[in-house]
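Q: Mind having a look at this structure? Questions to follow.
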Amino acid sequence: MDLNNNRYTIQNVDIQSIADEFGSPVYVYDADKILSQYQLLKTSFPGDHVKIKYACKALNNLNVLKLLKSVGCGLDVVSIQEAEMGIRAGFAPNEILFTPNCVSFEEIKMGIELGITINIDNISILEQFGHAYGNTIPCCIRLNPHIVAGGNVHIQTGHIDSKFGISIYQLRHVLRIVEKENIKVTGLHMHTGSDILDSDVFLRGAELLFDAANDFKDLEFIDFGSGFKVSYKDGDITTDVVELGKAITIRFNQFCQDYGRKLELWFEPGKFIVSEAGYLIVKVNVIKQTTATVFVGVDSGQNHLIRPMFYDAFHDIINISNPLGTPRIYTIVGYICETDTFGWDRKLNEVREGDLLAIKNAGAYGYTMANNYNARYRPSEVLVYRGKANLIRQRETLEDLLRNVVDIPIGD
Ligand SMILES: *Cc1c(COP(=O)(O)O)cnc(C)c1O
């Protein structure tokens with residue numbers, strides 16, 4: 001987002017005009033930013049053997065999937081529905097990695113029928129998989145190295161009590177099952193959680209995975225998951241992917257030499273690719289002065305962006321309608337009958353009723369976590385692509401909310 005002549009723009013498209021045309025609240029995504037984040041990863045981890053699998057639970061609008069497909073990115077999905085959306089967006093099944101957690105074996109079978117790569121995350125499924133398919137279908141195994149990383153306890157996946165992956169301490173048992181059931185393991189995977197702050201954490205996990213890899217003879221790839229952190233506010237430490245890229249590349253090449261074969265190196269970032277590209281544009285309904293606080297009440301809430309309330313996440317908020325207004329302190333809240341605060345004690349250029357605010361870093365886990373609480377419609381989505389604002393999802397209507405309700409005779 002740029003500020004030119006007191007107008008906030010994305011690729012020279014005025015954000016005010018986007019809200020005028022498509023209404024508010026609206027999620028606006030900058031395709032250029034998505035692509036430049038993808039390119040930054042590609043250049044930080046050079047080589048044809050590196051595959052980026054976009055973790056689409058962060059933002060799964062079909063057009064965003066098509067955008068990433070158009071530049072050669074792969075896909076990481078966590079449900080059969082995401083897999084089906086990926087295929088609709090044009091991904092070949094073999095470009096899709098299916099990394100579900102605690103799903104039924106039925107769902108795994110559906111994934112196999114689609115032809116996508118299965119990432120197995122518990123011993124029970126590994127046994128059933130081996131029993132059903134032996135070595136006829138290759139698979140990946142998700143190991144949990146118990147490296148603790150991640151910004152908020154809800155997004156940590158590596159700790160000892162985590163439900164994700166198969167504990168590295170169960171490796172002996174995994175190997176027994178693999179051997180007895182003759183399972184062809186072509187990939188090893190770890191994902192230690194979102195918001196990894198330093199390369200050392202990554203590398204510690206990597207060493208454990210390399211160690212384990214020596215026990216698997218059919219490997220074709222190692223998948224280091226994600227956790228690349230982006231900046232939510234000034235002074236935030238972000239994952240230095242350039243530095244991480246250098247460190248991992250050297251170590252990975254060494255490992256491949258020891259292993260005896262050149263393997264592929266996979267990553268599956270979600271947030272890193274789309275977070276900063278997205279803005280939730282909301283309109284100010286009321287300014288409400290109480291004895292203690294000046295509230296700015298907007299036409300959106302935790303039903304549209306749950307991260308502040310759910311993860312205590314900080315999202316920068318700016319007033320795009322009054323860039324020269326005198327800065328004042330506000331608490332920005334939603335319209336849901338529930339405490340739904342977007343930001344406490346924030347300094348914004350003077351806010352007036354009717355102004356548009358932009359909530360930043362809303363590309364990841366924004367729309368995909370939105371819901372219809374209070375019977376509110378989910379927002380529309382706009383993708384600014386090649387200098388033009390394109391509506392990529394309509395705002396919902398009352399019919400959408402009622403579509404699956406079965407009306408039965410009551411009281412007649
Ligand atoms: C959610 C998830 C990701 C993406 O995490 P980000 O923090 O958004 O990059 C990657 N891999 C798996 C298996 C996931 O569940």
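The values are calculated or read from the model by the stated rules, or taken from the named source; none is laboratory data. What you see is a predicted model; the values in this text were computed from it and never measured. So basically every Cβ, Gly included, is an ideal-geometry build from the backbone, and we count neighbours across all protein chains shown.
Q: Go through (1) surrounded by 19 or more Cβ atoms within 10 Å (Cβ to Cβ); (2) touching a residue at least 24 places away in the same chain (Cβ under 8 Å); (3) not in a helix (DSSP H, G or I) one by one and return the number of the condition I118 breaks.
A: (2) is the only condition that I118 fails.
Q: Could you check the stretch 44-57 and list, in sequence order, the residues that are over 21 Å from F98 (Cβ atoms) and either surrounded by 21 or more Cβ atoms within 10 Å (Cβ to Cβ) or touching a helix residue (DSSP H, G or I) at 6+ places or on another chain (Cβ under 8 Å) (or both)?
A: Those that are over 21 Å from F98 (Cβ atoms) and either surrounded by 21 or more Cβ atoms within 10 Å (Cβ to Cβ) or touching a helix residue (DSSP H, G or I) at 6+ places or on another chain (Cβ under 8 Å) (or both): S44, F45, P46, G47.
Q: Among the helices (runs of 4 or more DSSP H) lying completely within the stretch 182-281, list those that include at least 1 residues that are polar (S, T, N, Q) and within 16 Å of the ligand (Cβ to nearest atom).
A: Where helices (runs of 4 or more DSSP H) fall fully within the stretch 182-281 and carry at least 1 residues being polar (S, T, N, Q) and within 16 Å of the ligand (Cβ to nearest atom), they are 199-213.
Q: Return the residues of the stretch 44-78 that are of a type in the set (V, I, T), closer than 28 Å to R251 by Cβ and in contact (Cβ under 8 Å) with a residue 60 or more places away in the chain; say none if nothing qualifies.
A: Matches in the stretch 44-78: V50, I52.
Q: What number goes with the only condition from (1) within 30 Å of D32 (Cβ to Cβ); (2) out of contact with any Ser or Thr (no Cβ under 8 Å at 6 or more places or on another chain); (3) surrounded by fewer than 17 Cβ atoms within 10 Å (Cβ to Cβ) that I273 does not pass?
A: (3)
Q: Of all the residues that make up the stretch 121-145, how many are within 16 Å of the ligand (Cβ to nearest atom) and in a loop (DSSP other than H, G, I, E, B)?
A: 3
Q: Can you tell me which residue is farthest from Y311 (Cα to Cα) among those in the stretch 356-385 that are surrounded by fewer than 20 Cβ atoms within 10 Å (Cβ to Cβ) and among the aliphatic types (A, V, I, L, M)?
A: A375
Q: Surrounded by fewer than 21 Cβ atoms within 10 Å (Cβ to Cβ), within 16 Å of the ligand (Cβ to nearest atom) and either outside the structural domain of F255 (by TED's automatic domain parsing) or modelled with pLDDT of 95 or more (or both): which single residue out of V103, V71, V77 fits that description?
A: So the residue among V103, V71, V77 that is surrounded by fewer than 21 Cβ atoms within 10 Å (Cβ to Cβ), within 16 Å of the ligand (Cβ to nearest atom) and either outside the structural domain of F255 (by TED's automatic domain parsing) or modelled with pLDDT of 95 or more (or both) is V103.
Q: Of everything in the stretch 393-412, what is of a type in the set (V, I, T) and closer than 22 Å to G301 by Cβ? Give them in sequence order.
A: Listed by number, the list holds a single entry, T397.
Q: Right, next: For the structure I just gave you, tell me whether T157 is at pLDDT below 95, under 20 Å from the mean Cα position of the chain (by Cα), within 16 Å of the ligand (Cβ to nearest atom) and of a type in the set (S, T, N, Q).
A: yes
Q: Quick check on the stretch 338-355. Is at least one of its residues within 23 Å of S231 (Cα to Cα), exposed (fewer than 15 other Cβ atoms within 10 Å of the Cβ) and touching a Lys or Arg at 6+ places or on another chain (Cβ under 8 Å)?
A: The answer is yes; a qualifying residue exists.
Q: Moving to a separate point now. Tally up the residues in the stretch 69-115 that are part of a loop (DSSP other than H, G, I, E, B), in contact with a Gly (Cβ under 8 Å, 6 or more places away or on another chain) and polar (S, T, N, Q), please.
A: So the answer is 0.
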